[in-house]
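The values are calculated or read from the model by the stated rules, or taken from the named source; none is laboratory data. This is a predicted model, so every value here is computed, not measured. Virtual Cβ from ideal backbone geometry, glycine too; neighbours counted across all protein chains shown. All accessible areas refer to the heavy atoms of the entire protein, side chains included, with ligands and DNA or RNA removed. Shrake-Rupley method; radii C 1.70, N 1.55, O 1.52, S 1.80 Å.
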Amino acid sequence: MALNYLPVSWNGQKKLYDWTIAGLATVYLVIFCGLQAVLFPDVTAETIIIRATSTLAFLMLHVILIIGPLCRLSTRFLPLLYNRRHLGVSMFLVASVHGIFSVIQFHSRGNVDPLVSLFTSEPGYEHLSQFPFQTLGFFALLILFLMAATSHDFWLKNLSPRVWKTLHMGVYVVYGLLVMHVLLGVLQQETATVYTVVLGIGMALVIGLHLAAAIVSQRTDSRPLGQAMDGFVEVCDVHEIAENRAKTLMINGQNIALFRYDGKVSAINNQCRHQNGPLGEGKIIDGCITCPWHGYQYLPHNGQSPPPFTEKVETYAVKCISTRVWVDPTPAPPGTPQTPALLNGQ
Ligand code: HEM
Ligand code: FES
């Protein structure tokens, strides 16, 4: 995992994911360009490319943004999350084609430098209806470039997961900039209604799914806990946890994943060391808790990645009294071994 900064090896699932992205993107481009050529025979090839790549990139951005909340709402969507970074980089490449063609088409034919022209050709910053919307696209593309350039695990390791995550939350800033880019852009065109309606549906989907996922997480986090004894809190019945799976808990600000396996129960911190993936949504494979996002693994009794990997998460003391599970929410330092609670034949 930390070795050579290559946590996720190239495998069949990743290849399938990438081929699916490439296949669907090609189908979209062919259909979109074909329809444009038939419906608008006067439109130039450059304009068709600008429109096809812009709408494809924006569509891909919507998919990227809804994958997270969909996975919170149902584990069936987890396979979409597995290689989301490649989807992001592909989206940046498609958006770059749109940006480059737009600069060439609209700003490279005069005697002003194309980038200067981008910022000065429409001096309507004080009027929304004349606002130079292309500058918003430029800044969105700049942020997307930074995200794509740092998407490799080398940067995750060097920037630290916290800084890396903060940088990659920039995708929401990008979304805001692009919504304004499209809205202000279409305000200045005749095709406004179609674009505005489609944009409205996209925004409703993104915002609605984020809200739904937040409500579900909030309900899970605020489940009433049982009684407390000697620092342990009664959290659930052992039958509420499926074999080789986990139940997640939020106690005293601790995000805990409680795993049941081989007649035992162990508790570790729910956040994966890689990119804070939800370990409690993963399962135990070959005796290791396996992160659902990219497959980092941890031993349930000590929260350590099996050798030669070195990642460690916090662990928690657990005990079972009859069929009830009790957890001490005081975290032990990452990698601390804990004696698993035995289920005594339940
Ligand atoms: C340097 C950066 C960019 C420039 C100069 C630029 C320029 C333009 C221009 C000139 C249009 C109107 C095209 C037309 O008249 O048909 C447009 C529309 C659009 N742009 Fe951008 N853009 C940039 C970045 C982006 C990025 C990063 C996205 C990301 C998805 C994007 C998405 C869109 C969308 C969805 C539309 C509306 C559909 C269309 O009419 O093509 N743009 N942009
Ligand atoms: S493996 Fe990537 S977040 Fe866990």
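When you check T55 against the structure, is it in contact with a helix residue (DSSP H, G or I) (Cβ under 8 Å, 6 or more places away or on another chain) and polar (S, T, N, Q), yes or no? Full working, then the answer.
Details: in contact with a helix residue (DSSP H, G or I) (Cβ under 8 Å, 6 or more places away or on another chain): yes; polar (S, T, N, Q): yes.
Judged against the criteria, T55 is a match.
Looking at G231, G185, G253, G226, which is the one that is touching a Cys at 6+ places or on another chain (Cβ under 9 Å), at pLDDT below 90 and either more than 30 Å from A148 (Cα to Cα) or not polar (S, T, N, Q) (or both)? Reasoning before the result, please.
Values: G231 fails: touching a Cys at 6+ places or on another chain (Cβ under 9 Å); G185 fails: touching a Cys at 6+ places or on another chain (Cβ under 9 Å); G253 fails: touching a Cys at 6+ places or on another chain (Cβ under 9 Å).
After ruling out the rest, the residue left standing is G226.
Quickly run through segment 47-91 and pick out the residues that are polar (S, T, N, Q) and within 16 Å of ligand 1 (Cβ to nearest atom).
Those that are polar (S, T, N, Q) and within 16 Å of ligand 1 (Cβ to nearest atom): T47, T53, S54, T55, S90.
It is to be established whether one or more residues within segment 271-278 are open to solvent by 20 Å² or more (accessible area, probe 1.4 Å), closer than 25 Å to H239 by Cα and at pLDDT 95 or above.
No.
With respect to T315, determine if the residue is closer than 23 Å to D237 by Cα and either within 24 Å of the chain's Cα centre (by Cα) or away from ligand 1 (no atom under 16 Å from the Cβ) (or both).
yes
Which number in (1) open to solvent by less than 50 Å² (accessible area, probe 1.4 Å); (2) within 21 Å of the chain's Cα centre (by Cα) marks the one condition that K283 misses?
(1)
For segment 60-122, which helices (runs of 4 or more DSSP H) that fit wholly inside it have 2 or more residues that are away from ligand 2 (no atom under 16 Å from the Cβ) and in contact (Cβ under 8 Å) with a residue 12 or more places away in the chain?
Values: elements: 78-81, 84-107, 114-120.
Answer list for segment 60-122: 84-107, 114-120.
Would you check if there is a residue in segment 293-313 being of a type in the set (V, I, T) and farther than 24 Å from K157 by Cα?
No.
Residues L136, L141, L156: which one is under 13 Å from L184 (Cβ atoms) and either hydrophobic (A, V, I, L, M, F, W, C) or touching a residue at least 40 places away in the same chain (Cβ under 8 Å) (or both)?
Only one candidate qualifies: L136.
Among the residues of segment 93-102, which ones are open to solvent by less than 30 Å² (accessible area, probe 1.4 Å) and either closer than 17 Å to G23 by Cα or near ligand 1 (Cβ under 7 Å from one of its atoms) (or both)? Reasoning before the result, please.
Here is the first cut: in segment 93-102, the residues open to solvent by less than 30 Å² (accessible area, probe 1.4 Å) are 94-96, 99, 102.
Selection gives V94, A95, G99, S102.
Pick from segment 39-59 the residues that are assigned to a helix (DSSP H, G or I) and β-branched (V, I, T): which of them is surrounded by the most Cβ atoms within 10 Å (Cβ to Cβ)?
Looking only at segment 39-59, we keep the residues that are assigned to a helix (DSSP H, G or I), and these are 39, 45-59.
Within this subset, residues satisfying the condition of being β-branched (V, I, T) are 47-50, 53, 55.
Working: T47: 15, I48: 19, I49: 20, I50: 21, T53: 25, T55: 18.
Out of the qualifying residues, it is T53.
Would you tally the residues in segment 194-215 being open to solvent by 60 Å² or more (accessible area, probe 1.4 Å) and without any contact (Cβ under 8 Å) to a residue 24 or more places away in the chain?
Looking only at that region, the number is 10.
If you go through segment 146-198 one residue at a time, how many are under 22 Å from the mean Cα position of the chain (by Cα), among the aromatic types (F, W, Y) and within 11 Å of ligand 1 (Cβ to nearest atom)?
Number satisfying all stated conditions: 1.
Go through (1) open to solvent by less than 30 Å² (accessible area, probe 1.4 Å); (2) closer than 30 Å to H152 by Cα for A341 and report which single condition fails.
Looking at each condition in turn, A341 falls short on (2).
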